[in-house]
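Novice: First, the structure itself, so that you have it in front of you.
The values are calculated or read from the model by the stated rules, or taken from the named source; none is laboratory data. None of these values were measured; they are calculated from a predicted model. As a convention, Cβ positions derive from the backbone with ideal geometry for all residues, glycine included, and neighbour counts pool all protein chains shown.
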Amino acid sequence: MLQMRKLVVFIMLILSGYCVKSQHTTDLGVQLAAATYWGDIENVNYSKSITPVVGVLGRYNFNKRLAIRGQLFTGNLKAEGFFADANIGSYGTLIRGTTSTPDMYPKNTEQAYSFNRSFQSVEALFEFNFRNYKLGSTKKEMFTPFVEVGVGGFFSRASRLGSVILEPIETVAATVTTPALYAPYLDADNRKTNNSDVLTVTIPVGAGIKFNITKRLGGIVEVIVRKTFADNIDNLDDPGRYKFDSTIPLVPPYSTNRYPDKVSGLNNNDWYATLAVSLCYQLWSSKGNCTIYDKIKK
């Protein structure tokens with residue numbers, strides 16, 4: 001029984017960061033980052049798909065190894081690439097309709113696809129330092145690599161920018177001098193594919209380095225990758241249904257000029273990542289004894 005008690009205390013000691021004296025501190029910081037996306041768009045041109053993100057963060061350090069962080073940030077996500085085997089119309093090619101005719105687009109024959117939307121996100125992250133680290137120390141414990149994992153929320157209002165998916169059958173047939181024109185695909189709420197808001201939970205996982213600059217100022221360089229539970233950040237909700245093959249006729253229950261409303265609800269393929277630099281200022285510090293260390297000595 002005594003050995004089991006010592007084992008449990010030893011495991012708790014490891015998880016608590018091997019502390020001998022704990023010091024609870026609170027930090028406040030600002031963040032500047034570059035974001036990128038990957039999902040259903042193919043051959044993304046990342047030289048044109050890096051976007052800025054700014055944010056604020058607050059961190060509570062339980063000891064020199066463990067911390068919890070909350071952060072709020074806003075920015076843009078965009079991408080340019082290809083989406084094969086679909087009828088695509090670019091936003092700039094819109095031909096406005098009238099009260100009696102719908103808006104129409106010529107088909108993009110190069111299969112080029114793009115989106116651009118702003119977003120806001122809030123996250124709670126648990127951090128583990130691989131070395132003892134204390135913000136403000138300029139002689140020892142000055143830096144540490146660390147890992148982090150957490151949960152977040154992501155919101156983006158409809159951008160109405162970028163490419164739209166067109167109906168599989170042309171509205172106006174091609175002539176010798178003009179291309180065929182297609183009506184945009186509209187969902188059950190009569191919205192184009194680039195006209196939907198996004199609200200989803202995210203799972204952020206990251207790693208980075210913390211380091212000290214002055215007695216109260218520290219820095220963070222980190223990469224965070226986020227799994228989202230949405231599939232329309234790139235305006236391609238359930239993209240498999242837009243892969244149009246003219247050699248295979250659409251059959252009931254779908255009409256000959258409509259896509260099915262939904263093929264699968266499990267295609268949550270959208271991820272995004274940030275490379276961030278943060279500056280943190282120590283607001284508060286309180287020293288105390290490490291109770292686990294006291295217990296293991298007995």
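Novice: Which of (1) modelled with pLDDT of 90 or more; (2) over 30 Å from TYR242 (Cβ atoms) is the odd one out, the single condition GLU141 does not satisfy?
Specialist: (1)
Novice: Could I ask something else about it? Would you mention how many residues in region 102-145 are hydrophobic (A, V, I, L, M, F, W, C) and crowded, with 21+ Cβ neighbours inside 10 Å?
Specialist: Number satisfying all stated conditions: 4.
Novice: Let me confirm something: among ASN116, ASN132, ASN76, which residue is part of a loop (DSSP other than H, G, I, E, B) and not acidic (Asp, Glu)?
Specialist: ASN132
Novice: Since THR200 meets every condition but one in (1) of a type in the set (S, T, N, Q); (2) part of a loop (DSSP other than H, G, I, E, B); (3) surrounded by fewer than 21 Cβ atoms within 10 Å (Cβ to Cβ); (4) at pLDDT 90 or above, which condition does it not meet?
Specialist: Looking at each condition in turn, THR200 falls short on (2).
Novice: Still on this structure, please answer the following. Only one residue in GLY240, GLY219 is over 12 Å from the mean Cα position of the chain (by Cα) and part of a strand (DSSP E or B). Which one?
Specialist: Exactly one residue qualifies, and that residue is GLY219.
Novice: Within region 138-167, how many residues turn out to be in contact with a Ser or Thr (Cβ under 8 Å, 6 or more places away or on another chain) and of a type outside the set (A, V, I, L, M)?
Specialist: Here the count works out to 10.
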